[in-house]
1. Which of LEU206, LEU69, LEU173 moves the most in a Gaussian network model of the chain with Cα springs under 10 Å?
2. At THR32 and SER208, where each label point lies 7 Å from the Cα along Cα→Cβ, what is the point-to-point distance in nanometres?
3. Tell me the carbon and sulfur percent of the accessible area for the range 138-179, rounded to whole percent, probe radius 1.4 Å.
4. Keeping every protein chain present and rolling a 1.4 Å probe, give me the accessible area per residue for the range 1-132 in Å².
5. Just in the range 186-290: which chymotrypsin sites (Phe, Trp or Tyr not before Pro) are loop by DSSP and have at most 16 other Cβ atoms within 10 Å?
6. In whole angstrom, how long is each semi-axis of the equivalent ellipsoid of the range 53-122, when you take the square root of 5 times every eigenvalue of its Cα gyration tensor and sort them from largest down?
7. For the range 1-107, which chymotrypsin sites (Phe, Trp or Tyr not before Pro) are both in a DSSP coil and crowded by at most 10 other Cβ atoms within 10 Å?
8. Counting only heavy atoms of protein chains, what accessible area per residue, in Å², does the range 219-281 have with a probe of 1.4 Å?
Amino acid sequence: PHNIKMSPDGKYWYVCFSNGSWLQKYDAVADTLVGEVNISAGKWNVIYLSRLHPYAWVSDFSSNGRIVLVDINLMTVLQTFASGLFSNPHGITATSTEDTLYATSQYGNMIYRIIPGIPQIDNIPLQNGVAPVLTPGLLDPHEIMFSPDYRYYFVTCQTSNELRVMDAHADTLLKVIPLGTFPLEMAISKQHQSLFITCQEDANPLYSFFKGSVYVVDLNTLTVTHKIYERFYQPHGLAVDDTRDLLYVASTNANPSGPAPHHVSECAGRNGFFHVIRMSTWESLTSNAELSVFPYSVSTKP
């Protein structure tokens, strides 16, 4: 299982698999499987849930990847943007009207703009005046997310260690914000008007044995206002709970040099762990709460 997303009403959660064929739907009260759909074998990486319709888009991270549209009421595939159109698609987001989707291409300097109604797919460079290319080792965009007002969209670039801020109307670069090493996932707090970003391989100046940080960007000034250094080890997924003023951060602990796990998992590999942080004070409320192997994704129930 690679990515988990909670429905906006908190009734269901959905999971896709990086080495599998299924999108699954679980009851969020009983945590029991209530539906699944075979979306065919693939490296299914990210789920984007529609805010307007009972739909989910799921990305296949394969080198010759796909994006599928699923009716999550009926658990049926409605549309597939077939192979040959995408190279390693990963993060997915949509405009306020959801007539246009965006997806990152994991390697290169570009993202995809998808207009399903036509259909049309465009390559959008993350650098002004530079052609879009799929050459690894340039920017290598990982995740993409709109600002709450939909004026901008943000793209984490894991090789250039940046957050790129794009004008959502012109699809042009507005600002480059330097981040820590290997920035990946994002979460937004509307209450604090902040964007949180995990930097998986960042050096930790407070706890030298540990690795990784969370950068905090002010949504109004588009500047870094805080850097969270806890006893993370390769943090990846994170989620915000504005109601409780909490930030959840999952550390993958995938490197054998990381903290030794306290328990043995049934899965092969090293256990990860998570932190809970109070956003108003930056106080850590947990100390390395252990999970199973490679906890990648976090979602919260409203």
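1. For the chain, modelled as a Gaussian network with Cα springs under 10 Å, the answer is LEU206.
2. Taking the simple label geometry, THR32 and SER208 are separated by 5.4 nm.
3. Percent of accessible area from carbon and sulfur atoms in the range 138-179: 53.
4. In whole numbers, the range 1-132 has 42 Å² accessible per residue.
5. The qualifying sites are TYR207, PHE209, TRP282.
6. Those come to 19, 14, 10 Å.
7. Taking the range 1-107 and a limit of 10 other Cβ atoms within 10 Å, no loop chymotrypsin sites (Phe, Trp or Tyr not before Pro) are found.
8. Here the residues of the range 219-281 average 47 Å² of exposed surface.
The values are calculated or read from the model by the stated rules, or taken from the named source; none is laboratory data. No experiment lies behind these values; they were computed from the predicted model shown. Quick reminder, even Gly has a Cβ in these numbers, built from the backbone with ideal geometry, and neighbours come from all protein chains shown. All accessible areas refer to the heavy atoms of the entire protein, side chains included, with ligands and DNA or RNA removed. Shrake-Rupley method; radii C 1.70, N 1.55, O 1.52, S 1.80 Å.
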